[in-house]
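> To start, I am sharing the structure in question, which I have written as structure tokens.
The values are calculated or read from the model by the stated rules, or taken from the named source; none is laboratory data. Not measured: the values here are computed from a predicted model. For neighbour counting, all protein chains shown are included, and Cβ atoms are generated from backbone atoms with ideal geometry for every residue, glycine included. The accessibility values were calculated without ligands, DNA or RNA, using every heavy atom of the protein model including side chains. Shrake-Rupley method; radii C 1.70, N 1.55, O 1.52, S 1.80 Å.
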Amino acid sequence: MKRLIKFIERNISGKKVLLLFILTNVVYVFMLMVTIPKTMAFSGGMDLLDMMPFGYDLNYVNTLFNALGDFGRETYMTKQIPVDMVYPLLFGVTYCLLLGYFLKKIDRLKTPYSYLCLLPIVAGVFDYLENFGILVMLNDFPDLTVSSVSLINVFTIIKSISTSLFFISLLVVLISLLLRYLNKKKIR
């Protein structure tokens, strides 16, 4: 954990965190506005697997991949997944540093609260596992198995849970920062 704290302390200048935040969200918006809609244009309105926080099963994957057709599956593989191979790294590093930045502002970086900085890294790792799993399923289709889909579904759910826990943690830290600011202002 000491290494993580040292990494955070070396990299939490406001400018660096802001630049990473902007870059991460530019990539995210690009996926939301370009690559995901391009892929979903073939899905008949069905959500893509990486957009399903509560998971999916073999039946859903088969139905989705059939709806996408050959060209839609190719678009998923060559347009959406490549961009989503950049995003997890940016998400993990950026939000680890962002949370570390705000923890330092409330004097909690060198406490057990610093473990919260691992949440976006966990989310990023499971996003990669999910992406590789989706690639495998796209390549194996139509010969998918319940066990492979179930495993990749677990990756999706862990990614979603760790992402949600991160944003809840960030919100709590930001509220703490706001309360600290308001208390200091009250004292003056």
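> Take the Cα gyration tensor of region 1-55, multiply each eigenvalue by 5, square-root it, and list the three semi-axes largest first, rounded to whole angstrom.
Three semi-axes, in Å: 34, 16, 6.
> If the label point is 7 Å along Cα→Cβ of LYS184, which residues in region 86-102 have backbone nitrogen under 14 Å from it?
What the label zone holds, given the 14 Å backbone N cut-off, is 102.
> A further question on this structure: Using a probe of 1.4 angstrom, how much of the accessible area of the chain is carbon and sulfur, in percent?
Carbon and sulfur together cover 69 percent of it.
> Using θ = phi - 60° and the Karplus relation 6.51 cos²θ - 1.76 cosθ + 1.60, list the HN-Hα couplings for region 30-45 in order, rounded to whole Hz, with x at every Gly or Pro.
4, 5, 5, 9, 10, 6, 5, x, 4, 6, 5, 4, 9, 8, x, x
> For the chain, what's the relative contact order in percent, using C-alpha pairs closer than 8 Å and at least 6 residues apart?
Relative CO of the chain lands at 28 percent.
> Using a 1.4 Å probe, what is the accessible area per residue for the chain, in Å²? Please report the intermediate quantities before stating the final value.
Working: 10560 Å² over 188 residues.
Accessible area per residue, the chain: 56 Å².
> Hey, another quick one. At 7 Å along Cα-to-Cβ for each site, give me the label-to-label distance between SER176 and ASP57 in nm.
4.1 nm
> Nearest 10 degrees, 0 to 90: what angle lies between the long axis of helix 146-187 and the longest principal axis of the chain (Cα atoms)?
20 degrees
> Between (i) 18.0; (ii) 17.0; (iii) 16.3, which entry matches Kirkwood radius over Cα pairs in Å as derived from the coordinates of this structure?
So the structure-derived entry is (i).
> With the dipole of the chain worked out from charges on the C-beta (+1 for Lys and Arg, -1 for Asp and Glu) around the Cα centre, which of LEU49, ILE187, VAL34 lies farthest toward the positive end?
Checking the options against the dipole of the chain, the answer is ILE187.
> Per residue of the chain, what 222 nm ellipticity follows from adding -39500 (n - 2.57) for every DSSP H run with n ≥ 4, rounded to the nearest 500?
Numbers: 8 runs with 138 residues, N = 188.
Value at 222 nm, helices only, nearest 500: -24500 deg cm²/dmol.
> For ASP107, ASP84, write out the residues from largest to smallest accessible area, computed with a 1.4 angstrom probe and no ligands counted.
I get ASP107, ASP84, largest accessible area first.
> With only Lys, Arg, Asp and Glu charged, each at its Cβ (+1 for the first two, -1 for the last two), find how big the charge dipole of the chain is about the Cα centre; round to the nearest 20 debye.
Numbers: 19 positive and 12 negative charges, 414 e Å.
That gives a dipole near 1980 debye.
> Got a number for the accessible area of ILE168? Probe 1.4 Å, square angstrom, nearest 10.
We get 100 Å² for ILE168.
> Relative contact order for region 107-185: what is it in percent, counting Cα pairs under 8 Å that are at least 6 residues apart?
42 percent
> Might you work out the accessible area of VAL34 for me, using a 1.4 Å probe with all protein chains in place, and round it to the nearest 10 Å²?
Roll a 1.4 Å probe over it and VAL34 shows about 50 Å².
> Over 10 Å intervals from 0, what percent of Cα-Cα pairs in region 1-95 sits in each interval?
Distribution as computed: 15, 37, 25, 16, 8 percent.
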